[in-house]
Every structure is written in C-alpha cells, then in structure tokens.
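Notes follow the structure.
The values are calculated or read from the model by the stated rules, or taken from the named source; none is laboratory data. Predicted model, so just to flag it, every value in this text is computed and none were measured. When we count neighbours, we look across all protein chains shown, and the Cβ atoms used for this are built from the backbone with ideal geometry, even at glycine. For accessibility, only protein heavy atoms count, side chains too; no ligands or nucleic acids. Shrake-Rupley method; radii C 1.70, N 1.55, O 1.52, S 1.80 Å.
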Amino acid sequence: MTRQVKVVEDVVIKFAGDSGDGMQLTGSQFTNNTALLGIDLATFPDFPAEIRAPQGTLPGVSGFQLRFSSKPVFTPGDMCDVLVAMNAAALKTNLSVLKKGGKIIANTDGFDAKNLRLANYPDGVNPLENGSLGNYELIKIDVTKMTRESLSDMTMGMKEKDRAKNMFVLGFLYFMYGRTLENTEQFLKDKFGKKPDILESNIRVLRAGYNYGDTTETFTTTYKVEKAKMEPGSYRSVMGNQALSYGLIAASQKSGLPLFLGSYPITPASDILHELARHKNFGVRTFQAEDEIAAITSAIGASYGGSLAVTTSSGPGIALKAEAMGLAVMLEIPLVIVNIQRGGPSTGLPTKTEQSDLLQAYYGRNGECPMPVIASSTPADCFDVAYEAARLSVQHMTPVILLSDGYIANGAEPWKYPVSANLPLIKTSFKTELDEGEEKYLPYKRDEKLTRPWAIPGTKGFEHRIGGLEKEDITGNVSYDPENHQHMVKVRQAKVDRIADYIPDQKIDNGPVKGKILVLGWGSTYGAIKTAVEDLLEEGYSVAHAHIRYLRPFPKNLGEVLKNYEKVIIPEINNGQLVKIIRDVYFVDAIPYNKIMGVPITKTELVEEIRKYL
Amino acid sequence: MTTNTVNPVQLTAKDFSTDQEVRWCPGCGDYSILAQVQKVMPTLGIPKENIVVISGIGCSSRFPYYMNTYGMHSIHGRATAVASGLKASRPELSVWIVTGDGDGLSIGGNHTIHLLRRNFDVNVLLFNNQIYGLTKGQYSPTSEEHKVTKSTPYGSIDHPFNPLALALGADATFVARSMDRDPKHLQAMLLKANQHKGASFLEIYQNCNIFNDGAFEIFTEKSSKSEETLFLEQGKPLIFGAEKDKGIRLDGFTPTVVKIGEEFSADDLWIHDEADIYKAQILVRIFDNPRAQQHLPRPFGVFYQTSRTCYEDMMAMQIEEAKSKKVADLDKLLRGNEVWTIA
C-alpha cells in the first residue's frame, strides 16, 4: 500500500508503562534518534520513587515525555499528541495529559483483568473496549504476544523474552515517524555485545515492531518532523547532571586544578557522582563518603590541599552539610556545593522536582554566613553554570552553591557543545612568594576582590593554621576581639557582594526592556516562562521575561531592570522564595505565582496567570 | 604512616612550636602530648611544610594552633573526614589527626571507623580523658558506667566504648595505646605510628585535671603503675609487676595472670605477636575495671599491626591506569558519541 508522509511541526510523545517496562530506555533511545536528525527537543522523565513499585499499580507507572519540533523547543510540552500505554495503570495516570484527538498506543496484554483491577478500574470495565476513548485515536497492539512470537525459536525463558517488548514499541514508533533503526541497533550492540541472546532478541523485536507498522494497515500516514532551524554548529543531546559533570571537568582542565568530588548517593544528584567516577583519565578523584557530612568535609580537605573541590547532593543532604558550609565560609577556601533540588521538606518527594531550597541556600546556616548562589535553567545550561560556579569559587576564594533540580537533572535537550579552546581560562594561583614588605605569610590579607591568598600544604615557609574559630583580620590567628568580629562579618559579606563586579548584567531574555509586566524567573521554570511570554508577545501584550542565573549576589543592574515594569510576576515551584528576597532587597511588590505539585509549571497555566494582570 | 622524604636541615622541637600562647588548663595532660609530638616530629625526616595536623573540636583539637606546620582546626567530629579528602588528593603529605573521645568516638565516630577501614596512611591520635572538658564536664562515650557528671547527676547509664576494640572491629591496620604521663613510651608509640604505612590508631590516656582528675592515675602513678599496667613488646612474653614476676598466660582463649617461677616459667607465657589478629582480639579485650577484684593489668603498646593497601594509593593507581588507557581529551568528552551538525 502507499502511504502519505505528513509533515508536522511539533510532537509530544509520552511513553508510559510499569517501572519495569523499560520506558526510560525507550524514551531516551527515541530522543537520541530524534536529536541525530537535527530536530529540536526537550524531555521530561517522570519515575516513581520506588525502584520497582508493585507491578501494574498506579504508583508503579514510569513515564518519559519527549517533545520534538522543527521550531525551537523550550519545554517538554504541556499536553501530549501520542500516549504509549503499556498497561492500564499507565493509561489511567496519563490520559489527562493527552490532547483530544491524540493517539493512544495501547499494549492490550497490559489490559487483562489483573491489570485492570490493579489500576482500580471497576469490575468488568476495560477502557479499550467500552468506547470511553472515543475522543482519541486508539491503536491496540498485543505487544507481549508479538514479542513472544518473534522470539518463538529462541531458547530463552518467557520472562527474558518479555523484557524486549519495549523494543517492539520503539520499532513501531520509528516506523510511524519515518526513522531508521541504526542508532538503536548500535546502542544495543554496545550494551549487550557480551550477551548475544539478549542482543539478538532486542534487535529482532525492534525490527518486528518496525515491520508491524509497515505491514499492518494501522497507518495510512506516517509523520515527519523537519530539522529545526537552530544556530549553525555541532550538537549533541545532553542531560542536566551529565552537562553539570562535564562543566566541572572542563573547569578543572581550564584551571589546572585537579577535580575532587566528595559525595554521598542521593536522588536526584547521584548521576553526577556516577558520571564523574567514569572520567578518572582526567585525574578526577571521586570519593563516595560514608555520609553527607564526610562528603563535604572531605571536599574541604581536598580544597585545602589545592584541588577544585566539589560536593553534590539534594536538599536533605545539603541540610546535613550546613555546618561544614559554614566552615568553608570561615576558611575562605574554594568549594562548589551542588544542590539538585527535589520536593521537600524532609524526605519529601525524592523523584519529583521543586525549587524550594533557595532560602536554604541563602540563609540555611548558623551565623552570618553568606555564600554566592547560582542556578541553572536548562539541562545544557548546567554546563555553563557548573563552569561558572567553579570560576567564582576559585577566583573569589569562597564556597559557591549551585542550584539545579530534578527536572533539569534528568531532562535532555540538544546542546551546541563548546570547543575546549574557546572556553575561558580560569586563572588561579597558589601563594608561593611573600609580598614585598611581608615577613611571613598572612593568610587573611585581602586583595582588591577582598579574597585571601591560597597557600597549600607542601609550600615551604607558608605553614599556617586555619579553622572555624573567628579569625583575626590579616593574620588569621584566633581572635575573640569584638571589633575584629564585626569587621570580619562585614568583610565576608562584602567579599560576596563584590562578586557583582565580576558577573554579567541581568539581561532581558525576551520582550520589551520597559513595559507592563516582567515575568522574573530562576532555574527550571525557564522553558515555561519563555514560551508563555512568547505567546503573549505574539498576541501583542507588553510582557517581558528575565531569568536570573546569579541569585547571590544579584547582577548590579537588577534593581534598575525591575523598575522598568509596572508589575513583576515571579513564578516558582515553591511557596514563594525568590519573591521574598526580591521584595526584601528591592522593595518591589512582586507578585508570586506558585505551584508546588512536584511537577513543572506548564506554559498554559502560566499564560492564564499572566493574563490576570494584563 | 610512613614518609620517606629526608630533611636536609636538622630541625628541633622548637621549630615545631608556634607564636600562639598555649591555652590549655595548667596541669592538663595535653601539654605533655604536645611536647612529645614536638620532640618526635624533627626526628621523622619529613619537611615541616609536608606535615598537616587536622583536628575537630574539643580541648585536644586546639592542637594544630600550637604546631608550626600546616594545620586545620575543623568542626566537631570531622577531622577524620577532612583528613580523608586531603590525603586522597595529596598522598605525599604527612597527615596527623588529633581528636578526643568525644570528637572521635561520639559525634565523629562514623568517620573514625570509615577512615580506619579505608586505611588512609594517616596517624590518628585519640586523646582519651573519659570526659567532655571543653563543654565543662559531661560524661563521654568512654566514661565508665555510673559516673556522676554534670549531665549524669544520678550516674551514667551509658556503657562505654572500648576504643581499641572498636578500631580493631573497623579493621584498623595499626592499633596502639599510650599515656600522657610516660613521655618515653609515648614518643616510641608516635614513632611507630608514623612508621606504619596505613591508618595508625593511637589511643593516648590523657588526664583532665579539672573535670576528671586521676581517671588513669592507677596506670600512671608510680605506686600502682607496675602492677596495673602491662607494656607490650614484640616477641616478648607478657610480663608485669614491680618485680617482673607476673605474667599473662593464655588458658584456652582466656588470659590469666600467673606467677613466674612457681608453676610457670617465662616460656609458658603469652608471647606478644603484633601480627596475630586473633590474639589481638583478645588483647584489646583486656579492659578490666582496675578497681575490680581479680582484674588483669591494662596493656599499653602496639596491640596489632598489619599491612594493607592504602585507599589513596589505590585511588592514584586507578587514575594512572585510566590515564594510560584513555587520553584525557576534553573535546572528545564534550562531543560524545552521537553528534549532528546544522549548517
């Protein structure tokens, strides 16, 4: 039969299944396949906290949302065009985000009596059979049966065979979108090269899925998304935590300081530890410490020894590190503290996203304990922000907090990766010579940036002692002098404030530089704000978007920027944190918009919200 | 721990003291320990700039301020963790950790055991005074049961740690005990701790003359020392007593005191072997209350010593191996395996 190829601009697919169904793998394979074609994209993996929640249940559903487009993409999309539902629970939990008229690709085997019961459908009700999905285009496939049949002559057990069923769906979708199988076949060869049976079964089922699409008359049309008009250059797909790790390695290479990571596993930060542990050839030392406190204090020890030291965690772990963060402030040594935020408080929602640790980053320590805070806004941005955190840290002799979150950490997007020669050098030097007129090393004598010199053990004649007790100005000796304490508190604050002289001005991302509404964001709300403001600008409204990377200190012109708009709206995935600081610092009556549901803010709801003030 | 560097200029104890006024209470056992460390340091042949003393919080943790080396007075309980990061990243440094019974066994107990099992080549000097001194007199995790302190007016109901048994349980590769009042022995133990390649755990009985005066006097005072202590020497029988006429004999798995020259001769006694882990397990358990009837004397010296590859060396090896197998090409890393180009 002949088929039409229909060109579409923008597609959102949600892969949903049981957490053991391999939906994350399926999604990321489709993502890479899409990226290699030069199509712009954004992803949003959404998985349960339990590694394997009871099979077939609603809490056990694991999802992976992918949006791809020939236009620039900034979010994984609010609503889906295609929903892959491997079982009844996957359909039930995701149907609300499927557009009317959207396609459902349902694995009928996942809708047997047991699965329907586990998904809490009433007795005798099967949504695939009762006409309740009339508003959608329903494509029913018995994936399990097909998978088994295509492997009928193989000797492996049924359970092993069934593991390949995600490949059937992937092959089917590759057909549907006119793709080739090469990159996935290569991936499977790399992954299962040593297990020929598993490799064979996966490739066979992948092809079976593709051929099923081709030979059955499921479609009269296949779809094509054209290349996006992106800036010329070379691209790759990158996830947030991966980009963050690369940023740290790059900073280590460009500063000449060996990278040391002290970390304790925690969701959703562990992938940084995993990633960095793979790159020992760059001289990276990763230390999986016995707890969060040892993770940061070992990094402090490494920093004292002259490493580019980093500790990575998420909110609960950062809480445990607080005292040691104070020590780093007192020692005035470089340290990058990465917080991949998740839903809180306490254990909260480990696998869900939130931006609720900004105030913790600002204030969550004893004493007057200021420290720079910067935030990444997209997966690829994590590279630049990690690089920048390292630069600020070593050049200003201060711990720096880097805020990312689960949404960015696990999300992927195309990245126009940099060429190492074009990355700015991170200039640092250890103190090895006394200044003119000095008789001995003065560990707390400051330069024009108010930073102190960094002399590391092994440097003859520079032996000195530092610690958490208050320091005497210049000498660094222990001091209980009242005047000195006030001076030191002020100077530590001034040192952080002065960083504003060494960071770029706040830019307006989109919209007029003066106008009615400024939507001010930070972190992972970037895509939602960007697209919401774009829509409203197209409608002719006076709306602008500014996104803050440097949260402490703020860029010097931020106050001026805020005054150029009648209203400032601050959307955040928390109960209103940046808004508090902005009100405090600039006396601007900013308007909060808060969603605290463990999921990103959508463009649609943000447009609705902004409209209220237009 | 060991360091092979030879120092061209002969330093003296004075070279290791700082211009900072030592601020421990007059009569504190810490003075003696500081003096012995300062005496031993110049004999090690390690350049001063390669020595780092790291402490936590507590009276003992003031130590780095008085040592003219590199040093860090860190936060409560974390000296061992700070030292782990430093040693992992700078294996050539000679790292000394000064901690106390509260710092190293209570708030920092976790880091202590993990440092020992990883076997970083560092020296842990645990000053044990069986009390919290800096916070003015609460019981510590090594205080004896029923002890009346400010926080235990009715007597402590905590069972104390046996620090050497704990260290051995964490697979420490060097376990020793000494005391502030025996400078010669303490110097010898400091030397041995330094010579050992791996994590050396040296417990030092230290008198807090303000809040727990005399906690160890039965071991340290001339009148009782020879009867109440047992000084271990490699390859020698376990003999003690003013007349050197008593010994320890193993009766099955049970150490028992015997009189030499009656039923038993020195040949029948337990011969100390630092390399014997099984005997070391029994030796660290000789921890009787010296005021109890029929008790055994308290052993001092090196209980156990073995060789095991150090964490930092394995870390360095992995890095060298990775470097030899794969060139560190930043552009290759950033590019990854799957790339597309937009013209």
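Restricting to segment A:202-244, what's the tally of residues that are part of a strand (DSSP E or B) and open to solvent by 60 Å² or more (accessible area, probe 1.4 Å)? Walk me through it before giving the result.
Here is the first cut: in segment A:202-244, the residues part of a strand (DSSP E or B) are A:221-225, A:233-239.
Next, only the ones that are open to solvent by 60 Å² or more (accessible area, probe 1.4 Å) stay: A:224, A:239.
Residues flagged as part of a strand (DSSP E or B) and open to solvent by 60 Å² or more (accessible area, probe 1.4 Å) within segment A:202-244 amount to 2.
What number of residues within segment A:283-323 satisfy the criterion of being within 7 Å of another protein chain (Cβ to nearest Cβ), open to solvent by 20 Å² or more (accessible area, probe 1.4 Å) and in contact with a strand residue (DSSP E or B) (Cβ under 7 Å, 6 or more places away or on another chain)? Result for segment A:283-323: 1. With respect to the conditions (1) in a helix (DSSP H, G or I); (2) closer than 22 Å to A:Pro592 by Cβ, A:Arg492 falls short on a single one, namely (2). The criterion of at least 1 residues that are over 26 Å from A:Leu41 (Cβ atoms), of a type in the set (S, T, N, Q) and modelled with pLDDT of 95 or more is met by none of the strands (runs of 3 or more DSSP E) wholly inside segment A:501-564. Pairs are defined by a Cβ separation below 7 Å, a sequence spacing of at least 6 or placement on different chains, a first member in segment A:457-481 that is more than 7 Å from chain B (Cβ to nearest Cβ), and a second member that is among the polar types (S, T, N, Q) and not in a loop (DSSP other than H, G, I, E, B); the pairs so defined are A:Glu472/A:Asn484; A:Asp473/A:Asn484.
Looking across B:Phe231, B:Phe253, one residue alone is open to solvent by 50 Å² or more (accessible area, probe 1.4 Å) and in contact (Cβ under 8 Å) with a residue 60 or more places away in the chain. It is B:Phe231. Within segment B:91-103, residues that are at the interface with another protein chain (Cβ under 9 Å from one of its Cβ atoms) sit with their Cβ atoms under 7 Å from residues that are open to solvent by 10 Å² or more (accessible area, probe 1.4 Å), at 6+ positions apart or across chains, in these pairs: B:Glu92/B:Asn50; B:Leu93/A:Gly458; B:Leu93/B:Asn50.
Look at B:Leu334 and say whether it is open to solvent by less than 60 Å² (accessible area, probe 1.4 Å), free of Cβ contacts under 8 Å to residues at least 40 places away in the same chain and either assigned to a loop (DSSP other than H, G, I, E, B) or within 14 Å of chain A (Cβ to nearest Cβ) (or both). Break it down into steps so the answer makes sense when it comes.
On the way: open to solvent by less than 60 Å² (accessible area, probe 1.4 Å): yes; free of Cβ contacts under 8 Å to residues at least 40 places away in the same chain: yes; either assigned to a loop (DSSP other than H, G, I, E, B) or within 14 Å of chain A (Cβ to nearest Cβ) (or both): yes.
In short, yes.
Restrict the check to segment A:99-106 and report whether at least one residue is touching a strand residue (DSSP E or B) at 6+ places or on another chain (Cβ under 7 Å) and buried (at least 24 other Cβ atoms within 10 Å of the Cβ). There is at least one residue in segment A:99-106 that is touching a strand residue (DSSP E or B) at 6+ places or on another chain (Cβ under 7 Å) and buried (at least 24 other Cβ atoms within 10 Å of the Cβ).
Looking across A:Ser263, A:Ser270, one residue alone is away from chain B (no Cβ under 14 Å) and under 32 Å from the mean Cα position of the chain (by Cα). It is A:Ser270. For segment B:64-88, a residue qualifies if it is assigned to a helix (DSSP H, G or I), more than 7 Å from chain A (Cβ to nearest Cβ) and either closer than 28 Å to A:Tyr264 by Cβ or among the acidic types (Asp, Glu) (or both), and the qualifying residues are B:Ala79, B:Thr80, B:Lys87. The set of residues from segment B:303-320 being open to solvent by 90 Å² or more (accessible area, probe 1.4 Å) and at the interface with another protein chain (Cβ under 8 Å from one of its Cβ atoms) comprises just one member, B:Gln318.
Yes/no matrix, rows are residues, columns are (1) closer than 24 Å to A:Phe175 by Cβ; (2) touching a residue at least 60 places away in the same chain (Cβ under 8 Å); (3) within 14 Å of chain B (Cβ to nearest Cβ); (4) assigned to a helix (DSSP H, G or I):
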| position | (1), (2), (3), (4) |
| --- | --- |
| A:Lys14 | yes, yes, no, no |
| A:Leu37 | yes, yes, yes, no |
| A:Pro48 | no, yes, no, no |
| A:Ser62 | yes, no, no, no |
| A:Leu66 | yes, no, no, no |
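Considering B:Ser74, B:Ser32, B:Ser61, the condition of being of a type in the set (Gly, Ala, Ser) and either closer than 24 Å to A:Lys440 by Cα or out of contact with any Leu (no Cβ under 9 Å at 6 or more places or on another chain) (or both) is satisfied by B:Ser74 alone.
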